[in-house]
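The values are calculated or read from the model by the stated rules, or taken from the named source; none is laboratory data. No experiment lies behind these values; they were computed from the predicted model shown. As a convention, Cβ positions derive from the backbone with ideal geometry for all residues, glycine included, and neighbour counts pool all protein chains shown.
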Amino acid sequence: MSRLLVPCHVKGAVALQVGDVRTFQGRPGVLVIDVTFPSAEPFELQEITFKNYYTAFLTIRVRQHTSAHTPAKWVTCLRDYCLMSDPHSEDGAQEYVSLFKHQMLCDMARVLELRLILRQPSPLWLSFTVEELQIYQQGPKSPSMTFPKWLSHPGPCEQPALLLEGLPDPSRVSSEVQQMWALTEMIRASHTSTRIGRFDVDGCYDLNLLSYT
Amino acid sequence: MRKAQGSWEKRILKSLNSMCTELSIPLARKRPVGQQKELLNKWNEMGTDEPDLSLFRPVYAPKDFLEVLINLRNPNYENGDSLSFRTHLGLIQVPLKVKDIPELKECFVELGLNTGQLGIDDSTQVPPELFESEHVRIGQKVLAEQDSAAAQQYIRQGSPTALRAELWALILNISSQPEDILYYEQLKTNVIQHDLLVDSLIYKDVKLTASNDDYYFVFEDYLYQVLLCFSRDTSVLAHFAYNSASPPKSYIRGKLGLEEYAVFYPPNGVIPFHGFSMYVAPLCFLYHEPYKLYQTFREMYVRFFFRLHSISSHPSGIVSLCLLFETLLQTYLPQLFYHLREIGAQPLRISFKWMVRAFSGYLATDQLLLLWDRILGYNSLEILAVLAAAVFAFRAVNLMEVTSLASAEAVLADLSTLKVMPLLQIFLFATVT
């Protein structure tokens, strides 16, 4: 299924903390990232991909376009999705993650805005975020070019022109060519897996020093 | 982790390059025809050669590698001075996820007290009808069926000595086709044609380690035949796809910077370190044809042994094994751990060399082969860390009385009398926690 990248604007993460941000000693455990889409029309969300950086749990809220005159509401479409099985250890901390439409709790038909709520309850990590965030929408299902009419609606079968003497029958030739093609494909596919690898260049393997690059 | 691996590799390259320039020996050169003939004649007795290796030194030893691992730090990790609930009291400071004993019990369930084991239930006091004969019969059936998955499950309870060579070949998917024999002969030709600096390192390593070992000195010639061919084998380069390490590069003399003349050095991308030949030595008891010995070693290396000397976060990687060892010791023998730490004898400093060599050269050979049976059966190296902790648990009483690192090393210097399977079983399943 094809997908199309939707250009988005990712706002900087905002930490949620209780108490005065300046005087509070601890590190925030909740971050909120807003994602807006400069092209104003609502689209159907297909996939979200990102690289995790020490976020333990992810919640996604979406604001959808409603046809009526009521203002658009925020709905939770993914709740506490676990990215790190143990928030105190490295497991899953730097993985690439893909989230799909079918994993969401609600319909993602007319998305206006996204809000990612990141949680990392462990005090061991200095910072956490998600990187390389990319949003995809449904790509076009079939190629948009139109076929010329004569391809999709072949005309009535005409009588083939009289064959010149001595030429072989075209249908037999085409079937033989097809068989030969199938044979070459088979031979190409069945090459032996053991390779006698050569490590020298034209028989020469005179080296002085190792290279650092 | 990748950064650390990259800078470690750079250090190795620098060390090798400086050895080249100091000794004025090229990394690689074509052997003159006269020398080629000589080597071909001496192929089966390279051990009798006594080249002058005094100027060569191993590129690195396990303890250098340990220093690199101790200094691994995650920049995003709270490494503050204040003690918190997750302060690492051991040497490894990276918070990887490791299993604890309940999880290990689940993982190694076939080592439990209610399951028969070779290494325990085949001792002379136990009548063979209870376990051993039936186990051998099942082993023969598995071999007759040529079922690799069944062999892997079977070998978790140990392999009878007579069947071991074939079982390992079955599990490692080693065939004895004519093309494999031909491949080995081609590698032999490559050894004869080109002379590499790495060859001298291999000679030195074998002379320093295996030749001095009571069990393995008889196999010296085999070790040269296997290791020299191993360093010419470009098929080993394929394992770098799943190894965090990268093979060193070089350029043909006079063509520096031209990509068409870039090659890997050594051809298999693996620079041997002090003790490397001990990975091959135990296999010499199982296989007598050089090409079979070679194939088994190569397969064991690209599946398991490479993880013991490269930095990665894999659960069987050396960093995780070290952390697993330290965590097990800290959790289940806290008094011993605290005592050793107080006297300046961090346990990992003693057990690291055991784990890097997969206990080769430290255990008696029959015990070592029983241990390597389980590595193949469980497809994981975690058992090495569990055994290291079990050894400490076994000698805990003596260790509690030592007062320095040197005396702790002395208590643990000789492991050749240990029986591996009872130690593992007691540590995992019979210790009161």
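Laid out as a table, the results:
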{"item": "Of all residues making up the range B:260-284, the number that are surrounded by 24 or more Cβ atoms within 10 Å (Cβ to Cβ), among the hydroxyl-bearing types (Ser, Thr, Tyr) and within 8 Å of chain A (Cβ to nearest Cβ)", "result": "1"}
{"item": "Tabulated pairs, the range B:191-209, first among the hydrophobic types (A, V, I, L, M, F, W, C), second surrounded by 22 or more Cβ atoms within 10 Å (Cβ to Cβ) and in a strand (DSSP E or B), C-beta under 8 angstrom, 6+ apart or interchain", "result": "B:Leu196/B:Ala28; B:Leu197/B:Ala28"}
{"item": "Of all residues making up the range A:176-206, the number that are modelled with pLDDT under 75, surrounded by 10 or more Cβ atoms within 10 Å (Cβ to Cβ) and of a type in the set (A, V, I, L, M, F, W, C)", "result": "4"}
{"item": "Single match in A:Leu105, A:Leu112 (criterion: more than 26 Å from B:Asn76 (Cβ to Cβ) and part of a loop (DSSP other than H, G, I, E, B))", "result": "A:Leu105"}
{"item": "Number of the condition not met by B:Trp354 [criteria: (1) assigned to a loop (DSSP other than H, G, I, E, B); (2) in the same structural domain as B:Thr403 (by the TED database); (3) closer than 28 Å to B:Asp205 by Cα]", "result": "(1)"}
{"item": "Filter result (within 26 Å of B:Ile318 (Cβ to Cβ) and more than 9 Å from chain A (Cβ to nearest Cβ)) within the range B:17-32", "result": "B:Ser18, B:Met19"}
{"item": "Pick from the range B:118-175, criterion in a loop (DSSP other than H, G, I, E, B) and polar (S, T, N, Q), ranking: nearest to B:Ile383 (Cα to Cα)", "result": "B:Ser159"}
{"item": "Residue list for the range B:309-337, restricted to those being among the β-branched types (Val, Ile, Thr) and either surrounded by fewer than 21 Cβ atoms within 10 Å (Cβ to Cβ) or in a helix (DSSP H, G or I) (or both)", "result": "B:Ile318, B:Val319, B:Thr327, B:Thr331"}
{"item": "Sole exception among (1) under 27 Å from the mean Cα position of the chain (by Cα); (2) within 21 Å of B:Phe217 (Cα to Cα) for B:Ser15, by number", "result": "(2)"}
{"item": "Odd one out for B:Ile171 among (1) within 14 Å of another protein chain (Cβ to nearest Cβ); (2) touching a residue at least 60 places away in the same chain (Cβ under 8 Å); (3) out of contact with any strand residue (DSSP E or B) (no Cβ under 9 Å at 6 or more places or on another chain)", "result": "(1)"}
{"item": "Hits in the range A:35-68 - residues which are within 14 Å of chain B (Cβ to nearest Cβ) and assigned to a loop (DSSP other than H, G, I, E, B)", "result": "A:Tyr54, A:Thr55, A:Ala56"}
{"item": "Residue ID - nearest to B:Asp213 (Cα to Cα), chosen from residues in the range B:382-427 that are over 23 Å from the mean Cα position of the chain (by Cα) and crowded, with 22+ Cβ neighbours inside 10 Å", "result": "B:Ala408"}
{"item": "Residue in the range B:3-25 that is touching an Asp or Glu at 6+ places or on another chain (Cβ under 8 Å) and closer than 22 Å to B:Val206 by Cβ present", "result": "no"}
{"item": "Residue that is loosely packed, with under 15 Cβ neighbours inside 10 Å and away from every other protein chain (no Cβ under 12 Å), where the choices are B:Lys10, B:Lys14, B:Lys37", "result": "B:Lys37"}
{"item": "Residue match in the range A:114-123 (condition: of a type in the set (Ser, Thr, Tyr) and away from every other protein chain (no Cβ under 14 Å))", "result": "no"}
{"item": "Residue list for the range B:231-259, restricted to those being at the interface with chain A (Cβ under 10 Å from one of its Cβ atoms), of a type in the set (A, V, I, L, M, F, W, C) and either closer than 26 Å to B:Lys188 by Cβ or touching a helix residue (DSSP H, G or I) at 6+ places or on another chain (Cβ under 9 Å) (or both)", "result": "B:Val236, B:Leu237, B:Ala238, B:Ile252"}
{"item": "For B:Gln225: the one exception among (1) surrounded by fewer than 17 Cβ atoms within 10 Å (Cβ to Cβ); (2) more than 10 Å from chain A (Cβ to nearest Cβ); (3) in contact (Cβ under 8 Å) with a residue 12 or more places away in the chain", "result": "(1)"}
{"item": "Odd one out for A:Arg27 among (1) over 24 Å from the mean Cα position of the chain (by Cα); (2) over 18 Å from A:Leu116 (Cβ atoms); (3) at pLDDT 85 or above; (4) surrounded by fewer than 17 Cβ atoms within 10 Å (Cβ to Cβ)", "result": "(3)"}
{"item": "Residue within the range B:20-32 that is at pLDDT 90 or above and part of a helix (DSSP H, G or I) present", "result": "no"}
{"item": "Number of positions in the range B:28-56 that are touching a strand residue (DSSP E or B) at 6+ places or on another chain (Cβ under 6 Å) and over 19 Å from B:Gln186 (Cβ atoms)", "result": "1"}
{"item": "Selection within the range B:202-236 - assigned to a helix (DSSP H, G or I) and touching a Lys or Arg at 6+ places or on another chain (Cβ under 9 Å)", "result": "B:Lys204, B:Glu220, B:Gln225, B:Val226, B:Leu228, B:Cys229, B:Phe230, B:Thr234, B:Ser235, B:Val236"}
{"item": "Criterion: more than 14 Å from chain B (Cβ to nearest Cβ), without any contact (Cβ under 8 Å) to a residue 40 or more places away in the chain and part of a loop (DSSP other than H, G, I, E, B) - qualifying residue of A:Pro71, A:Pro87", "result": "A:Pro71"}
